[in-house]
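Undergrad: Before anything else, here's the structure in question.
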Amino acid sequence: MTKVKHSSGSPLVDQGGPPPVVTTAERAEAGKAARKLVPRSTFASFAPASDRPDPVDLLLEQAVTREQDLIPIRHGRMVASPFAFFRGAALPMAADLASMPNSGLRVQLCGDAHLLNFGIFGTPERRLVFDINDFDETSPGPFEWDVLRLAASLVLAGRERGDKPAYINSMVLSTVAAYRESMASFAQMSNLDVWYSLFDVDRLFTELGASVDADAGGFNERSMRKVRKRDSVMAAERTTEMVDGELRFVANPPLQVPGSEITESLYSFSLGHVHTNAELYRRSLSPERRYLFDNYRVVDSARRVVGVGSVGTRCYIVLLVGRDNKDPLILQVKEAQPSVLERFAGKGAYSHHGERVVVGQKLTQSASDLFLGWTTMTLPEAGNRYFYLRQFRDWKASIDYTQLNGEGFLFYTRLCAWALAKAHARSGDQIAISAYLGTGTAFDKAVLEFALTYADQTLVDHQTLVDAIASGKAEAVHGV
């Protein structure tokens with residue numbers, strides 16, 4: 001594979017193999033050289049380009065390759081609030097970021113690093129950890145694109161919470177500082193220590209202390225005990241019923257529709273294609289996990305609507321059974337379309353977008369799902385499509401940031417910054433990035449200015465979608 005390098009000349013880990021051997025001093029110098037080419041203050045200045053695409057046109061462009069009956073649900077979810085719009089507008093923001101100068105210091109980006117794409121999940125070793133949890137848009141690109149998207153989401157979330165402007169400003173500055181300080185810490189670590197870094201939920205409780213009210217955000221030890229019960233057994237209890245001695249998914253249209261109730265092609269896809277393409281999926285798993293997977297049989301499938309920005313991409317859940325009906329396994333089979341970053345930051349090493357998502361996740365996340373893998377399926381109405389698979393609702397939880405008090409919210413946002421820095425340190429040159437950021441607050445202040453300006457732009461873009469729905473240019477179904 002071709003090795004990719006920073007524009008500054010320093011190495012980049014980009015699935016193509018290890019970087020060439022250089023000294024830490026040379027790596028730090030590369031970061032400082034990048035700072036001279038693109039000063040940190042550059043990021044403070046955002047103004048819509050004169051030829052900026054209409055954000056609704058970009059959303060409608062994305063809709064062409066998606067399931068058409070679900071597009072109104074996507075628009076209805078996005079129009080609910082400016083922050084909801086922002087969550088679904090990764091493509092418009094990628095276009096905006098591409099219009100700005102960039103540092104040239106590339107990492108494996110999350111690609112959609114907003115506040116709600118971080119959360120709690122269980123590792124294969126059955127530990128609860130906190131990390132990034134969405135990788136549909138993951139692709140190599142400039143490290144600051146993730147930071148800028150996270151910061152803008154903080155402003156929008158803070159405004160949605162009703163926080164005062166002074167608090168929002170200090171919260172964003174503190175969060176970006178947490179990213180910078182975490183990167184400095186990772187720059188001092190050995191490669192293995194960076195790779196082993198994770199944030200255990202038990203540590204989270206210890207450090208959170210009294211900064212969160214007992215039930216704020218639904219985040220306390222009692223709620224975490226409930227999280228540990230959110231496995232395939234509980235998911236099956238809530239999504240299936242017994243029919244003629246076999247478990248079957250229940251119908252809850254349009255959010256969950258069993259395959260046999262939609263079209264023969266979907267039913268054939270889920271039951272036939274899972275078997276037909278099982279070998280490709282199996283090869284994406286390690287040998288011991290293939291053995292575990294082979295001990296299950298597929299019994300049912302359903303179409304499932306999830307998320308905000310991803311609504312309309314093909315997403316299914318597949319029900320498998322092990323030793324008996326009390327041993328269910330539910331896998332989510334989610335379509336992976338090209339990352340919104342690719343047209344602006346260049347394509348990564350993988351043409352199979354399911355593989356791109358899986359490898360990107362494993363590269364940046366501290367621990368990944370036991371059944372995380374990918375496959376290709378041919379759909380009668382859509383041709384060849386790429387998918388990735390993972391467990392459905394296995395020890396997964398998010399924090400309700402609207403219920404956190406000021407100190408708790410700040411702790412949470414700083415934790416998101418740590419997780420983002422850790423992902424970038426694993427996949428990029430943490431020494432060069434840390435040198436670029438420096439020890440002062442120049443980067444923090446620039447990102448704050450960008451975030452405030454971009455949050456205002458999001459208000460305008462949100463209204464554009466509102467107007468498009470009112471005029472009939474876009475269709476929306478609300479409250480679904």
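The values are calculated or read from the model by the stated rules, or taken from the named source; none is laboratory data. No experiment lies behind these values; they were computed from the predicted model shown. Every residue, glycine among them, receives a Cβ derived from its backbone with ideal geometry; neighbour counts consider all protein chains shown.
Undergrad: What are the residues in region 225-269 that are in a loop (DSSP other than H, G, I, E, B), among the β-branched types (Val, Ile, Thr) and at pLDDT 80 or above, if any? Reasoning before the result, please.
TA: The initial filter retains those residues of region 225-269 that are in a loop (DSSP other than H, G, I, E, B), namely 228-231, 244-245, 250-251, 253-255, 262-263.
Narrowing the set further to residues that are among the β-branched types (Val, Ile, Thr) leaves 250, 262-263.
Selection gives VAL250 alone.
Undergrad: Name the residue that is surrounded by the fewest Cβ atoms within 10 Å (Cβ to Cβ), counting only residues in region 384-424 that are over 17 Å from the mean Cα position of the chain (by Cα) and of a type in the set (A, V, I, L, M).
TA: Among residues in region 384-424 that are over 17 Å from the mean Cα position of the chain (by Cα) and of a type in the set (A, V, I, L, M), the one surrounded by the fewest Cβ atoms within 10 Å (Cβ to Cβ) is LEU410.
Undergrad: Enumerate the pairs (first residue in region 293-310 and assigned by TED's automatic domain parsing to the domain that holds LEU372; second residue anywhere and in a strand (DSSP E or B) and among the polar types (S, T, N, Q)) with beta-carbon separation below 7 Å, excluding pairs fewer than 6 apart on the same chain, so at least 6 apart or on different chains.
TA: Correct list of pairs: ALA302/GLN256; ARG304/GLN256.
Undergrad: Could you please let me know if ASP163 is buried (at least 24 other Cβ atoms within 10 Å of the Cβ) and either closer than 20 Å to ARG343 by Cβ or of a type outside the set (A, V, I, L, M) (or both)?
TA: On the way: buried (at least 24 other Cβ atoms within 10 Å of the Cβ): no; either closer than 20 Å to ARG343 by Cβ or of a type outside the set (A, V, I, L, M) (or both): yes.
Here the answer is no, as ASP163 does not meet what is asked.
Undergrad: Those residues that are of a type in the set (Asp, Glu) and in contact (Cβ under 8 Å) with a residue 40 or more places away in the chain, I need them from region 135-184; list them, please. Give the steps one after another, and end with the answer.
TA: Step one: list which residues in region 135-184 are of a type in the set (Asp, Glu), which gives 136-137, 144, 146, 160, 163, 181.
Of everything in region 135-184, those that are of a type in the set (Asp, Glu) and in contact (Cβ under 8 Å) with a residue 40 or more places away in the chain turn out to be ASP136, GLU137, GLU144, ASP146, GLU160, ASP163.
Undergrad: A follow-up question, please. Condition first: in a loop (DSSP other than H, G, I, E, B) and of a type in the set (Gly, Ala, Ser). Now tell me which residues in region 384-398 satisfy that. Even if it seems obvious, please write down each step before you answer.
TA: Initially, region 384-398 is screened for residues in a loop (DSSP other than H, G, I, E, B), giving 392-396, 398.
Scanning region 384-398 gives a single hit, SER398.
Undergrad: If you don't mind, there's one more thing I want to ask. Test of understanding: among ALA432, ALA419, ALA425, which residue is in a helix (DSSP H, G or I), over 30 Å from VAL201 (Cβ atoms) and not charged (D, E, K, R)?
TA: ALA432
Undergrad: Still on this structure, I have one more. Could you please find all residues in region 435-459 being among the β-branched types (Val, Ile, Thr), within 29 Å of PRO48 (Cα to Cα) and in a loop (DSSP other than H, G, I, E, B)? Give the derivation first.
TA: First pass over region 435-459, keeping only residues among the β-branched types (Val, Ile, Thr): 439, 441, 447, 453, 458.
Add one more test, that the residue is within 29 Å of PRO48 (Cα to Cα), and what stays is 441, 447, 453, 458.
Residue satisfying the conditions is THR441 alone.
Undergrad: Tell me, which residue of region 181-204 that is aliphatic (A, V, I, L, M), modelled with pLDDT of 95 or more and assigned to a helix (DSSP H, G or I) is surrounded by the fewest Cβ atoms within 10 Å (Cβ to Cβ)?
TA: Here is the first cut: in region 181-204, the residues aliphatic (A, V, I, L, M) are 183-184, 187, 189, 192, 194, 198, 201, 204.
Next, only the ones that are modelled with pLDDT of 95 or more stay: 183-184, 187, 189, 192, 194.
Of the ones still in play, those that are also assigned to a helix (DSSP H, G or I) are 183-184, 187, 192, 194.
Working: MET183: 26, ALA184: 18, ALA187: 21, LEU192: 8, VAL194: 16.
So, considering only residues that are aliphatic (A, V, I, L, M), modelled with pLDDT of 95 or more and assigned to a helix (DSSP H, G or I), the one surrounded by the fewest Cβ atoms within 10 Å (Cβ to Cβ) is LEU192.
Undergrad: Here is a further query. Inspect region 367-383 for any residue being in a strand (DSSP E or B), without any contact (Cβ under 8 Å) to a residue 60 or more places away in the chain, crowded, with 21+ Cβ neighbours inside 10 Å and aromatic (Phe, Trp, Tyr) and give the result as yes or no.
TA: Start the filter on region 367-383 by keeping residues that are in a strand (DSSP E or B), which leaves 373-379, 383.
Next, only the ones that are without any contact (Cβ under 8 Å) to a residue 60 or more places away in the chain stay: 383.
Those left that are additionally crowded, with 21+ Cβ neighbours inside 10 Å: none.
The answer is no; no qualifying residue exists.
Undergrad: Would you point out which residue out of LEU109, LEU60, LEU115, LEU97 is touching a strand residue (DSSP E or B) at 6+ places or on another chain (Cβ under 7 Å), in contact (Cβ under 8 Å) with a residue 40 or more places away in the chain and of a type in the set (A, V, I, L, M, F, W, C)?
TA: Selected residue: LEU109, the only one of LEU109, LEU60, LEU115, LEU97 that is touching a strand residue (DSSP E or B) at 6+ places or on another chain (Cβ under 7 Å), in contact (Cβ under 8 Å) with a residue 40 or more places away in the chain and of a type in the set (A, V, I, L, M, F, W, C).
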